[in-house]
Each structure stands twice: as structure tokens, then as C-alpha cells.
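Here the structure comes first, spelled out in C-alpha cells, and everything after it is commentary.
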Amino acid sequence: MLTIFGNSRGQFCDGVSRRDFLRIGGLALGGMSLPQILRAEAGSNVGRSHKAVIMIFLPGGPSHQDMFDLKMDAPSEIRGEFQPISTNVAGIQICEHMPKLARMMDRCTIIRSMSDCDGAHDAFQCMTGRPLKGQPPGGWPSFGSAVSKIQGALDPAVPPFLGLAPKMGHMEWARSGDPGFLGVAHAPFQPNKGSGAEDMTLNGVTLDRLADRRALLTGFDQFRRDIDGAGLMEGLDVFNQQAFGVLTSSRLLDALDVTKEDPRVLESYGKGDPKNRDDGGPKLMEHFLVARRLVEAGARCVTVAFSRWDHHGGNFSALRQDLPLLDQGVTALLTDLRQRGLDKDVSVVVWGEFGRTPAINKDGGRDHWPRVSCALLAGGGMKSGQVIGATDRLGGEAVERPVRFGEVFATLYNNLGIDVSKTTIPDLSGRPQYLVDPGCVPMKELV
């Protein structure tokens, strides 16, 4: 419960004090608590029409030919240990360790020919759609940062862009998305970094004192923002707005608290492993659920980083552990979105920074392979039940419909109602920059 102490002298005509109205999580409008109001809202389709994107990043580069592009006619040193299974879409097969996804392939699209990976062991390209090299001053902004700049917050209590990446040994995998030249005003809110939810509470500050402090901050600000080329003042403005919004509403705290969820829904997401493995991240199944709760609360973009997929050795034993967890987490998310009527509004993308080598090495692993990788997309009103692109007999080269990261990003922007052919954002020099690289347009197979 988040309680903000108001002036106890003030009462409304029905005898209820301001303090009673500001005890968030306790008595609220009509005798309903905020969670009850949110549940009632969820059941009536009120406040759920905004578009959003959930990006699930698989740190380290997942093995495409052991997940969505199995090559059973290849030699044994390439074929691997897994068998394909049929899905509920005729002609589409995926790995045997993802049976839940196989049963809902009609709601998904597989891309087997992501072909412009830049080869960096980094989340950057999956967050921006651009390579690390050749960036403008300040760097390219991530998808969520661009959306934050263009569309802003839907709800003042919920940041438009949130990142759920936990701390990892290789922190380039834990990048939730950098704001680049858009500045700190459009960086992701990261509840897993720092003290997290503890920073979203008021410690003995009354609502009246909070209002006085806000007025004081406004009074201090006599600077001319039009000469602030670094965007620092805009950043301070956004931080202040978010701070006051978060502190005076429990909406964000409620969305982050999975204990408020229906136990049956919580169980459907399963349990993972909170421990870090080597330089990678933990297997936090609840992050799939938190992502749904955040977009339902008003977030426009949520990024998730799940487990570690850099298997230079012991590839198949690791995948036997992680593929069933990914299978359960993604299918629970897609089922949950559909049951709540969010599947047409929320786009989901699952991918990593590159693929893996066709040949299995002496340690039973696959090495880095930027020539081709895979992606899974669902929701957002996109066409589904299909495979886009194809690789050669060994799974090493795209031979049909090579797909660029920028094309996927153009599609995701389009799903949010943003026209990439017309929309620009200013860089540090004020020069307008398009959201994707030249030639990247929404994919006709999806829209």
C-alpha cells in the first residue's frame, strides 16, 4: 500500500477526509481499492486501446537452426540433436522442445532470414534496428526512446518506456535500450536497477508539502530551454513529471507487483531461476508477466532480457533447459494478451543479436554466426501463421527473402501508428533523422 498523508483537517461533504482518498491501495472511489478499479477497468475494455510493443531479447545469440529452422537433411555435424515437430499450421515445423508454441503457431510468424546482423555481442541492434558502427553524435536512440519522444506518456504515473533487463556479467546484454541523441529524458525506466521500487515511495512527505516542493522547483526554473542543446532541462522536466506521477499513484507499483495477479495466471508463466549464469542473465519467468502488466497499465514499450544463449559449448544440454522455459513464457504471454483483448494492440518480438554456426564445434557448441538469424513475431494485428524467408541446406545463408532489422522496426512503428516515411526526430545538431535506415519499410507480409 502507498499512503500519502494529506491535510487531516480537510473533509468533503460526505465526511470523508482527503487522507482517506489518498490512501492508495486501501479505500478508494466507491469503496473499491485501486487494484479492484484496475480489474474492473480490465473487464470493461476501458483504457486499453493504446498500442504497445514488448521486445524479448535473448542475450548471446540463440541457435536458429535448433529452434525454428532445423535442417534434418544436413550432415550430422550440422544437423544437431533435436527433432522437428509439426505445428498447428500445415507445413511449419519447429523444435520438439517448444510444443506449446507449436500449438499456437497460427498466431505467430517466424522469420528465418534475418540477414544484416552486425556481429556485435550486444543488445544494441535488437533495440535500435541499426548497427553499432557509423552512429551520429550521441548515438542512435532505441525503439522505446523514439516512441517516448514521439508519443510521450499515456499515463503520467507510468513511463512510456520501461526496461526489465536484470544485471548481468556482460552488461552489453542487459541494455534495455539507450536514448542516444534524444537524451536522458527518453531513457528507459528500469525498476531492476538501483533500489527499484523502494525509490517509488514517499517517506513522511505529505501531499501538501509535495505540492509546495513542486511549486518551488517550478519557481527556480528561470532558464531558457531553447538554448539547452544538450536536452538536460527537458530531461529534468521529464524526471520531475515522472517522479510526481509515480509518487502520487500506485499504478506503476501495482503493475510491477505480480503477487496481485490471479494465482492461476501467475502459475501459467511458470518458475525460472533467478541466478546469473556466467556472464549471462537469470531466467526470470515473471518478467513475461510484468511486461503484460506494464503495457496494460499504459507503457508503450517494454523490453525484456531472458537467460543466456551464447553456447560455444554444451549447446544442446543448455537448450534442453532453456527452450521449454522460453516456450512457456512466450505462450503464456500471448495467451494472456489474447484473453485480455490486447493481442491486436500489443506487438511481441523475440530475437537475439545473431545466429549460430552451422557446424557444431568440438565442445558440442555453436559459435557466432552473423550471416543469418531468426525472429518470432506475434500480435499487433500482424498477419500470422506463416514463415518468412528461408536459409540454405546447412542453415548458414539466407536464400529467400533476406530481412533487415530495420524492416522489422518499420513494421513495429507502423503497428503503433507511426509512419516511418514521414516521421523524423531531431539529432543533437537539430537535423531531422528518420527512424529507420533508407529502404526499410513495413513488411508487406505482416501488415
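Descriptive notes on the structure:
- Qualifying residue in region 348-371 (condition: of a type in the set (S, T, N, Q) and touching a residue at least 60 places away in the same chain (Cβ under 8 Å)): no
- Among the residues listed as 389, 417, 381, 406, the single one being at pLDDT 95 or above and closer than 28 Å to residue 72 by Cα: 389
- Residue within region 332-346 that is of a type outside the set (Ser, Thr, Tyr), in contact (Cβ under 8 Å) with a residue 40 or more places away in the chain and closer than 30 Å to residue 76 by Cα present: no
- On the stretch given as region 402-447, residues that are closer than 13 Å to residue 147 by Cα and hydroxyl-bearing (Ser, Thr, Tyr) total 4.
- For the residues 366, 371, 356, the requirement of being of a type in the set (Lys, Arg), surrounded by 24 or more Cβ atoms within 10 Å (Cβ to Cβ) and touching a Phe, Trp or Tyr at 6+ places or on another chain (Cβ under 9 Å) singles out 356.
- Single residue of region 120-147 satisfying the filter (among the small types (Gly, Ala, Ser) and either over 20 Å from the mean Cα position of the chain (by Cα) or surrounded by fewer than 24 Cβ atoms within 10 Å (Cβ to Cβ) (or both)) that is farthest from residue 433 (Cα to Cα): 120
- Just one of the listed residues (67, 55, 105) is at pLDDT 95 or above, closer than 21 Å to residue 301 by Cα, under 26 Å from the mean Cα position of the chain (by Cα) and in the same structural domain as residue 340 (by TED's automatic domain parsing), and it is 55.
- Number of positions in region 282-320 that are basic (Lys, Arg), part of a loop (DSSP other than H, G, I, E, B) and within 15 Å of the chain's Cα centre (by Cα): 1
- Some residue of region 347-358 being in the same structural domain as residue 251 (by TED's automatic domain parsing), of a type outside the set (A, V, I, L, M, F, W, C) and more than 26 Å from residue 81 (Cα to Cα): yes
- Residue check for residue 153: among the hydrophobic types (A, V, I, L, M, F, W, C), crowded, with 20+ Cβ neighbours inside 10 Å and in a loop (DSSP other than H, G, I, E, B): no
The values are calculated or read from the model by the stated rules, or taken from the named source; none is laboratory data. What you see is a predicted model; the values in this text were computed from it and never measured. Cβ atoms come from the backbone with ideal geometry, glycine included; neighbour counts cover every protein chain shown.
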